[in-house]
Amino acid sequence: VDVPFQHFMTQGAPDPRVVADSTGILGQDQVTHVWAAEKYPTIGAPIAIAHWSEAQLIQAEVANKAGNSLGAIGFINAIRTSEGLPAYTGATDQASVQVAIIHERAAELFLEGHRLADMIRYGQTLIPFYPPVGAPFKDGGTFGTQLCFPLPVVENGT
């Protein structure tokens with residue numbers, strides 16, 4: 001579990017949708033703690049293919065893009081109410097509500113494989129790289145802006 005999802009908060013309260021804890025185990029560098037996600041506690045835990053909250057987020061985004069930010073906030077609040085979270089109290093302009101939708105997507109879709117697609121779709125200004133572009137690797141080099149998996153030059157091994 002990477003840093004942006006450790007101690008994940010929504011309006012100053014711990015978000016129950018993103019549950020992760022430090023295992024107390026040190027990583028390979030003997031400095032970084034290994035964190036474990038607890039969304040799927042067992043190998044047999046069900047994983048949703050699609051769910052109500054994702055549909056609400058799609059509707060929120062459509063409403064917001066159509067200029068109906070208050071309608072979008074209604075969809076956000078429906079999700080938050082179902083999770084026992086406080087209602088959205090932020091700014092109601094279109095850009096601020098878009099940021100709120102992205103935050104809700106991060107929480108609702110945690111560990112479901114949407115993050116990379118969201119980074120590509122929304123861009124670096126709304127979902128910044130972590131670690132930031134230009135940050136050094138511990139063994140040399142720096143982090144870049146690549147958002148895809150490189151394809152091998154030769155796929156047959158020759």
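Given the rule -39500 (n - 2.57) for each run of at least 4 DSSP H residues, summed and divided by the residues of the chain, what is its mean residue ellipticity at 222 nm, to the nearest 500 deg cm²/dmol?
Values: 4 runs with 52 residues, N = 158.
It lands at -10500 deg cm²/dmol.
Given contacts defined as C-alpha pairs under 8 Å and at least six residues apart, what's the relative contact order of the chain, whole-number percent?
16 percent
List the residues whose amide H sits under 5 Å from the amide H of Thr10, counting only those 5 or more places along or on another chain, with H placed 1.01 Å from N in the peptide plane.
Residues meeting the amide H criterion: Asp15.
Which cross-chain or sequence-distant (5 or more) residues have an amide H under 5 Å from the amide H of Trp35, H modelled 1.01 Å from N in plane?
The answer is Thr23.
For the chain, with only Lys/Arg (+1) and Asp/Glu (-1) charged at the beta-carbon, what is the dipole magnitude about the Cα centre, in debye rounded to 20?
220 debye
Could you work out what % of the accessible surface of the chain is carbon and sulfur, using a 1.4 angstrom probe and leaving DNA, RNA and ligands out of the count?
Working: 6140 of 9840 Å².
Ligands and nucleic acids excluded, carbon and sulfur reach 62 percent.
Which ³J(HN,Hα) values in Hz, rounded to whole numbers, follow from the phi angles of the range 15-31 under the Karplus curve 6.51 cos²θ - 1.76 cosθ + 1.60, where θ = phi - 60° and Gly and Pro get x?
Values per residue, Gly and Pro as x: 8, x, 7, 10, 9, 8, 9, 6, 7, x, 8, 8, x, 4, 7, 6, 10 Hz.
Place a point 7 Å from the Cα of Ala13 along the Cα-to-Cβ direction; which residues of the range 77-105 have their backbone N under 14 Å from it?
Residues passing the 14 Å test: 77-90.
Given a 10 angstrom Cα cut-off, can you work out which residue in Asp15, Asp139, Asp93 is the most mobile in a GNM of the chain?
Most flexible of the set in this elastic network: Asp139.
Give me the extension gain from Lys65 to Asp93: residue separation times 0.36 nm, minus the current Cα-Cα distance, reported in nm with one decimal.
9.0 nm
Under 5 Å between amide hydrogens, which residues at least 5 positions from Val19 or on another chain qualify, with H placed 1.01 Å from N in the peptide plane?
Residues meeting the criterion, in which the H sits 1.01 Å from N, are Glu38, Lys39.
Any idea how far apart Asp118 and Leu147 come out in nm if each label point goes 7 Å out from Cα toward Cβ?
So the two model labels end up 1.4 nm from each other.
Rounded, prolate or oblate: pick one for the range 107-158, where a ≥ b ≥ c are the square roots of the eigenvalues of its C-alpha gyration tensor, a/c under 1.5 means rounded, and failing that, prolate if a/b is larger than b/c, else oblate.
On the way: a/c = 2.23, a/b = 1.27, b/c = 1.76.
Because a/c hits 1.5 or more and a/b fails to exceed b/c, the range 107-158 counts as oblate.
In whole Hz and in residue order, list the ³J(HN,Hα) couplings for the range 122-133 that follow from phi through the Karplus curve 6.51 cos²θ - 1.76 cosθ + 1.60, θ = phi - 60°; x for Gly and Pro.
Calculated HN-Hα couplings, in order: 8, x, 5, 6, 8, 10, x, 5, 9, x, x, 4 Hz.
By how many nm would the segment from Leu26 to Lys39 grow when fully extended, if each residue of separation counts as 0.36 nm and the alpha-carbon distance is taken off?
2.5 nm
Checking the a/c ratio against 1.5 first, then a/b against b/c, what shape does the Cα gyration tensor give for the range 51-104?
oblate
What is the Cα coordinate range of the chain on the first, second and third principal axes, sorted by size from largest, in whole angstrom?
54, 36, 31
Ordered by residue, what ³J(HN,Hα) values in Hz, to whole numbers, does the range 59-75 give under the Karplus form 6.51 cos²θ - 1.76 cosθ + 1.60, where θ = phi - 60° and Gly and Pro are x?
These are the phi-based 3J(HN,Hα) values: 5, 4, 5, 5, 4, 5, 5, 7, x, 9, 4, 5, x, 4, 5, x, 5 Hz.
Taking chymotrypsin sites (Phe, Trp or Tyr not before Pro) as exposed when DSSP calls them loop (any state but H, G, I, E, B) and at most 16 other Cβ atoms lie within 10 Å, what is the longest stretch of the chain free of them, the sites themselves excluded?
Counting at most 16 other Cβ atoms within 10 Å as exposed, the longest clean stretch of the chain is 1-128.
The values are calculated or read from the model by the stated rules, or taken from the named source; none is laboratory data. None of these values were measured; they are calculated from a predicted model. In this analysis, Cβ positions are derived from the backbone assuming ideal geometry, glycine residues included, and neighbour counts consider all displayed protein chains. In case anyone asks, the SASA skips ligands and DNA or RNA and just uses the protein heavy atoms, side chains included. Shrake-Rupley method; radii C 1.70, N 1.55, O 1.52, S 1.80 Å.
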